[in-house]
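The values are calculated or read from the model by the stated rules, or taken from the named source; none is laboratory data. Here the structure is a predicted model, which means the values were calculated and not measured. Every residue, glycine among them, receives a Cβ derived from its backbone with ideal geometry; neighbour counts consider all protein chains shown. Quick note on the areas: whole protein, heavy atoms, side chains included, nothing else; ligands and nucleic acids left out. Shrake-Rupley method; radii C 1.70, N 1.55, O 1.52, S 1.80 Å.
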Amino acid sequence: IPPSRTTYNNLISACGSGGHWKEALEICKKMTENGLRPDVVSYTSLLNAYGRSGQPEKAKGVFDMIKQNSLRPNIVSYNALIDAYGSSGLLAEAIGMLHAMEEDGVQADVVSISTLLAACGRCSQIVNIDSVLSAARSRRIKLNTVAYNSAIGSYMSVEEYDKAVSLYRSMREDNIKPDSITFNILISGSCKLKKYAESLQFLDEMMDLNIPFSKEVYSSLIHSYSKQGQLTEAECIFNMMKGTDCSPDVITYTSMIHAYSIAGNWMKAWELFEDMERNNIQPDPILCSSLMEALNTGCQPEKVLQWMEDAGIQPTLNMYRSVLSYARKDNSMEHANLIQERIIEAKISVRVPRLPTLLNYVEKEEEQKKRGRGDSSLVPHPRKIVVGGVAECTPAKDEKLERPKNNIEATTGSQCMRILKCSTSEEETIRKHIN
């Protein structure tokens, strides 16, 4: 039985939801080879694949092909393109598509609004969050749980805590039931803004509504309790989680290890790490850094480094710096030199702004030697350290270290469009395989 257009569309859609654009394009090619022309669903699914893989201009190219093939884009097509722009941080282009769809006689729906609200949060545009909500009201689009979550999350991301909470209260007044995602946003957002008491109030509301906890909620609660010095409560939440179907993951373990670090209990942190290993949970660099902070309090800073070396995991520069921080407090010059040797042996690329801590030890040691010889001419001078086979000059002690500018942050929306714009040959490939 030859596959039908519906079968092909379902396959393209499955690839599109995961951002597998190459596979989606290949299925479109086979579809045309078998005598079936793509329809608006086919194009929209391919458009979605490009959007999910961070290629908004290619998504726009597919969108244009819908019209070029005498087809009419539907609401799903427009929303997919809005999402493609929004996910890539191109907020102006996303808003422009909202106006374009209405000019084409396609009315925006709650999905359009939700997608734009999420994009505002990614771009940290508080004014546009307010504008999108106002646009929803003027169009009489009633927000659902997903839309409220997007708006609350966007306000939290730009640190507009009061607006986020106010919108949550409006959500309850409109009889829109919050879900676990809503409370994860509220609890984790409160923790990030150091409003730990408020995060626990949302916990009470969540329990009153009998909403099940997610892994993210458990992790946020552990973090909140630990920041308030309530280690027993943090342990209770962790043990509660282990007794449910929601098993702890690396994020949860990281939160609990951080709690022990704050409490200065490095032995508990290490025991928890061993428990994680027994449960076959792979640690990540963030967890290792948290564990190292905990072990520093117990004068065991190299324990994690040794474990990572035995496991064949390359420590990061920040982990070495954590050990250096301990060495500085302990005035251990020998320890600092040992870490310097390890950094060089590991061939980790170290830039100038990241070396002052290490150089501080070297300068102190040389000053002490000069004082011992009666040499008072302690003139600061540039130093050169060979890292990974490359000699890098570092400023003298009294020179100002400047952090390199982030070109991405300075890039405008129009510049992003040019950077992401697909080449003519790529568009021709799409046309060849689809038309």
- Considering segment 119-149 alone, what residues qualify as being of a type in the set (G, A, S) and over 16 Å from the mean Cα position of the chain (by Cα)? S131, S134, A135, A136, S138, A147
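Hey, can you tell me all the residues within segment 119-144 that are touching a Gly at 6+ places or on another chain (Cβ under 6 Å) and either open to solvent by 20 Å² or more (accessible area, probe 1.4 Å) or outside any helix (DSSP H, G or I) (or both)? Write out each step before concluding.
Restricting attention to segment 119-144, the residues satisfying the condition of being touching a Gly at 6+ places or on another chain (Cβ under 6 Å) are 119, 121-123.
Hits for segment 119-144 are R122, C123.
Is it true that some residue in segment 72-81 is assigned to a helix (DSSP H, G or I), out of contact with any Leu (no Cβ under 9 Å at 6 or more places or on another chain), within 24 Å of T32 (Cβ to Cβ) and in contact (Cβ under 8 Å) with a residue 12 or more places away in the chain?
Checked against the condition, which is being assigned to a helix (DSSP H, G or I), out of contact with any Leu (no Cβ under 9 Å at 6 or more places or on another chain), within 24 Å of T32 (Cβ to Cβ) and in contact (Cβ under 8 Å) with a residue 12 or more places away in the chain, segment 72-81 yields at least one hit.
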- Item | Subset of segment 262-272 [open to solvent by 20 Å² or more (accessible area, probe 1.4 Å) and either touching a residue at least 24 places away in the same chain (Cβ under 8 Å) or closer than 13 Å to I222 by Cα (or both)] | I262, A263, G264, N265, W266, M267, W270
- Message: Quick check on segment 100-114. Is at least one of its residues under 22 Å from the mean Cα position of the chain (by Cα), at pLDDT 90 or above and either in a loop (DSSP other than H, G, I, E, B) or not basic (K, R) (or both)?
- Response: yes
- Message: Please count how many residues of segment 12-31 are under 21 Å from K60 (Cα atoms), open to solvent by 40 Å² or more (accessible area, probe 1.4 Å) and either of a type outside the set (K, R) or free of Cβ contacts under 8 Å to residues at least 24 places away in the same chain (or both).
- Response: 9
- Query: When segment 32-46 is examined, which residues are found to be under 22 Å from K60 (Cα atoms), in a loop (DSSP other than H, G, I, E, B) and open to solvent by 60 Å² or more (accessible area, probe 1.4 Å)?
  - Reply: R37
- Task: Please go through segment 47-68 and pick out each residue that is open to solvent by 40 Å² or more (accessible area, probe 1.4 Å), more than 16 Å from G18 (Cα to Cα) and not acidic (D, E).
- Result: K60, K67, Q68
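Residue by residue, here is whether (1) free of Cβ contacts under 8 Å to residues at least 12 places away in the same chain; (2) under 25 Å from L116 (Cβ atoms) holds:
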residue	(1), (2)
S42	no, no
L46	no, yes
K60	no, yes
K67	yes, yes
H99	yes, yes
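Residue by residue through segment 103-118, note down the ones that are farther than 20 Å from D179 by Cα and either touching a residue at least 60 places away in the same chain (Cβ under 8 Å) or open to solvent by less than 30 Å² (accessible area, probe 1.4 Å) (or both). Let's see the steps before the verdict.
Applying the first criterion (farther than 20 Å from D179 by Cα) to segment 103-118 yields 103-109, 112, 116.
Matches in segment 103-118: V106, A108, S112, L116.
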